[in-house]
1. Pick from K72, K39, K57: which is within 19 Å of Q219 (Cβ to Cβ), among the basic types (K, R) and at pLDDT 95 or above?
2. Give region 177-198 a look and list any residue that's out of contact with any helix residue (DSSP H, G or I) (no Cβ under 7 Å at 6 or more places or on another chain), surrounded by fewer than 21 Cβ atoms within 10 Å (Cβ to Cβ) and either closer than 18 Å to K136 by Cα or of a type in the set (F, W, Y) (or both), or say none.
3. Of the residues that sit in region 1-52 and are assigned to a strand (DSSP E or B) and over 16 Å from V96 (Cα atoms), which one is most open to solvent (accessible area, probe 1.4 Å)?
4. Based on what the data block shows, is Y153 open to solvent by less than 30 Å² (accessible area, probe 1.4 Å) and assigned to a strand (DSSP E or B)?
5. Where in region 213-278 are there helices (runs of 4 or more DSSP H), lying fully within it, with 1 or more residues that are farther than 21 Å from I85 by Cα?
6. Could you check region 108-134 and list, in sequence order, the residues that are open to solvent by 20 Å² or more (accessible area, probe 1.4 Å) and touching a helix residue (DSSP H, G or I) at 6+ places or on another chain (Cβ under 7 Å)?
7. Yes or no: region 235-244 includes at least one residue that is among the small types (G, A, S), more than 19 Å from G59 (Cα to Cα) and in contact with a helix residue (DSSP H, G or I) (Cβ under 7 Å, 6 or more places away or on another chain).
8. How many residues are over 22 Å from the mean Cα position of the chain (by Cα) and either closer than 14 Å to A195 by Cβ or loosely packed, with under 13 Cβ neighbours inside 10 Å (or both) if we restrict to region 156-174?
Amino acid sequence: MNYRINKSFSTYHKVNYLIFFDFDETYFPHDCTDELLNKLYELEEYLNNLAHKRSVKIGWVTGSDINQIVHKMERANISYSPHFIASNLGTEVYNVRENGELLINKVWEKRLKKANFSNDKVNELISELFNVYKIKLVEQTQFGQKRYKFNYYYFEKSKTQSQYDLKIISHLAKINGIGININRCNPKAGDPEDAFDVDFIPLNTGKKEIVKFMIKYYQVPFANTIAFGDSGNDVEMLKTVKHGYLLGNATEEAKGLYDKVTMYHYSSGILEVLKKLF
């Protein structure tokens, strides 16, 4: 991997705590106003202090790919990289050296290679959905498909029809041995209105599985695990840690699925929780 990003937070071999962040609209605010960015810079300094004094490891667990992440870091002038990045819904995992060099996590990569996942399997599923069930999924082409993650939009019809269609999609993925993530799109993050993200991924991947993997990888007690998110695809991640929180700016879909919500938005909500915990 030839990427090098910003220097990472202070780091030690011993790890006492793990903090997981969704990236878009959780750690990174798409509006990038001066007020939001100043609060983000305050959060960065606070996290660097935690990493140094409390032996905390910090990671981003996101649906974005590494190119998008780098672009957004530059846009927000983010000073520090986390200790690890799980991009493309955790189908790619990078460890970040202190100098900012990205290294593929070989343990996770080995696990992915064992998964029976391919473009052909996904294409067969898409064809069956359309030809048999008249369910059309629209490929998300703006960022291209990835080796282990294939992105589609499902555009909402009536509520009853959409619920039925999404159940069919989930059922067919399951019986074909394909992992799936479905959540309502967030227009604030650049998605279309009245649509759902439908992501096909290998079994035993995704945000929840990344959290479980990292807890074991770093051998951190469950009591010392923390996570933050803002949308429906973060909820399982939040349930997998001891201290999981939606931010005040979370989507209504997410708030309907999970009830631990911060009073404040974005970095202010994160700091609100961390200052209580630490």
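The values are calculated or read from the model by the stated rules, or taken from the named source; none is laboratory data. Here the structure is a predicted model, which means the values were calculated and not measured. Note that each Cβ is placed from the backbone with ideal geometry, even for glycine, and that neighbours are counted across all protein chains shown. Accessible surface is based on the protein model in full, side chains and every heavy atom, while ligands, DNA and RNA are left aside. Shrake-Rupley method; radii C 1.70, N 1.55, O 1.52, S 1.80 Å.
1. Testing whether each residue is within 19 Å of Q219 (Cβ to Cβ), among the basic types (K, R) and at pLDDT 95 or above leaves just K57.
2. D191, P192, D194, A195
3. Only one residue tops the list, namely Y17.
4. yes
5. Details: elements: 235-239, 252-257, 266-277.
Ranges flagged: 252-257, 266-277.
6. E128, Y133
7. No, the conditions are met nowhere in region 235-244.
8. 11
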